[in-house]
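The values are calculated or read from the model by the stated rules, or taken from the named source; none is laboratory data. Fair warning: this is a prediction, and the values are worked out from it, not measured in the lab. Because the Cβ atoms are built from the backbone with ideal geometry, glycine has one as well, and the counts that use them run over all protein chains shown. Surface areas here come from the heavy atoms of the whole protein model, side chains and all, with no ligands, DNA or RNA. Shrake-Rupley method; radii C 1.70, N 1.55, O 1.52, S 1.80 Å.
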Amino acid sequence: MERPDPPYQRIVAEIRARIVAGDLRPGDRMSSVRQIARRWGVALATATKVMAALRDEGLVETKVGSGTVISARATRERPATSPGTRQADVPKQALSREQVLRTAIAIADVEGLDAVSMRRLAAELGAGPMSLYRHVENKDELVTHMVDEVFGEPELPVPGPDGWRAKLELISRRQWQLVRRHLWLPRAVSFTRPLLVPNMMAHTEWTLRALDGLGLPMETRIREALTLHGLVVTVALSMADEVEAEQETGVTLDRWWLTRRNRADELLNSGRFPLLASIPEEAVSDMNGLFEYSLARHLDGFAALVEEHAP
C-alpha cells in the first residue's frame, strides 16, 4: 500500500496549487506559522516545516515591513520535475567556503535561521545542492560554522582598555553590536551544549583574561563570562522576537501600540496604576537603553564581589 505524504507536504501542495491557480499572487501576504497551524490543525513544528519548504521552493519570501509574501518568482515558469529528481549537481564555478557561509548568514539576517536550508542556499548560489556538501555535512554543521564566522567579525584588542570594568564593557558591547546585526545568533548558541568553535571561544578567553589579577577563582570567572553573555542574549531575544513579529504581521511596534491605545489609556487613567502611568513610553521599547542599564547595574554588583576578593 502506498504511504500517504506527510502532513506538511500536503499543505505545501495545497498552497502551491493556489499560487499556480492565481488565487495567491506575488506580493500577497502569506499566512504566518501560527495561522497555518490553526487553519490546518497541525502542530507549530509542522507549520514551520511548511514555511521552510515554501521558502526552499522560492514560493514565498520575507520583506521587511510586509512580512512573508508570495514571491515574484513563484509564478515564473519552473522546470517540470517530479518529487525526488534533482537538477544537475554541478556548480557553475567552484564555491569557496566563505561564499557558502556568507550567503547563509545573509539569508538568516533577513529571513531568520529557519529559512536557511541546503536547498535554499544552493538556489541562492546558483549551484547544485550536492556541491555544498564539500564544505558542510548538514544544516547543523552549517549553523555552527555560521556562528564561528560572525563571532570573528568584532576586533578584540589586546590587551584592551585599562581596568577590568572597561574590558567587560567593551566585550559586552561588541557582542551586543553583533547580535543586533545577526538577530538569529542568540538562538544558535547554547550555554549547556556550547559550540566548540575558535572565534566564539576567543571571546570567552578574552573575558577570562580581563579578570586576571583580581584574586577570583576560575569558577567565578567563567560564571561571570557566561552571565555577561547571557545578559546580551536575553535582551537580544526580545529584540529578535519583535522583528519576527513585524515580519510575520507587517505591523510595526508603533502601529501595534496604536491599536491598543484605548485599552492602555483606560487602564493607566483608572488610577489603579499611578506608577506605571508615569513611565515614558519609549523607556519600555528602548532595547538599547535596557541593555546599557542591565550591563551597568550588573557590573555595579560585580564590583562589590571584586572588592571582597581584592588582595
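I need the phi-derived Karplus couplings for the stretch 126-143: 6.51 cos²θ - 1.76 cosθ + 1.60, θ = phi - 60°, integer Hz, Gly and Pro marked x.
For the stretch 126-143, the Karplus-derived couplings read x, 10, x, x, 5, 5, 6, 6, 6, 10, 9, 7, 7, 5, 4, 5, 4, 4 Hz, x marking Gly and Pro.
On average, how much accessible surface per residue is there in the stretch 1-52, in Å², for a 1.4 Å probe, leaving out ligands, DNA and RNA?
68
Kindly rank 146-155, 37-46 from highest to lowest mean number of other beta carbons found within 10 Å of each residue.
My ranking of the peptides, most packed first, is 146-155, 37-46.
If packing is taken as the mean number of other Cβ atoms within 10 Å per residue, what is the order of 157-163, 14-20, highest first?
The packing order, highest mean first, is 14-20, 157-163.
If you consider only alpha-carbon coordinates, what radius of gyration and Dmax does the stretch 1-61 have, in Å?
Calculated on Cα positions, Rg and Dmax stand at 11.6, 41 Å.
For VAL60, what residues show an amide H to amide H distance below 5 Å, using hydrogens built from the backbone and excluding near sequence neighbours?
ARG55, SER71
Would you list GLU307, GLU124 from the most to the least accessible area, probe 1.4 Å?
Listed by decreasing accessible area, they come as GLU307, GLU124.
Carbon-plus-sulfur fraction of the accessible area of the stretch 175-216, 1.4 Å probe, in percent?
Answer for the stretch 175-216 is 53 percent, counting heavy atoms of protein chains only.
In debye, nearest 20: dipole of the stretch 89-205 around its Cα centre with unit charges on the Cβ of K, R (+) and D, E (-)?
160
Can you give the accessible area per residue of the stretch 103-240, in Å², using a 1.4 Å probe?
On a per-residue basis, the stretch 103-240 sits at 47 Å².
How much length is gained on full extension from ALA17 to ARG223, taking 0.36 nm per residue of separation minus their Cα-Cα distance?
Here the answer is 68.8 nm.
Starting from the Cα of ARG119, step 7 Å along the direction of its Cβ; do the same at ASN269; then give the gap between the two resulting points in nm.
5.4
Compute the FRET efficiency between LYS139 and GLU242 as 1/(1 + (r/R0)^6), taking r as their Cβ-Cβ distance and R0 = 25 Å, and round to the nearest 0.05.
Taking R0 as 25 Å, the efficiency between LYS139 and GLU242 is 0.45.
Does the stretch 86-204 come out rounded, prolate or oblate by the C-alpha gyration tensor, with a ≥ b ≥ c the root eigenvalues, rounded set by a/c under 1.5 and, if not, prolate when a/b is larger than b/c and oblate if not?
Here the stretch 86-204 falls in the prolate category.
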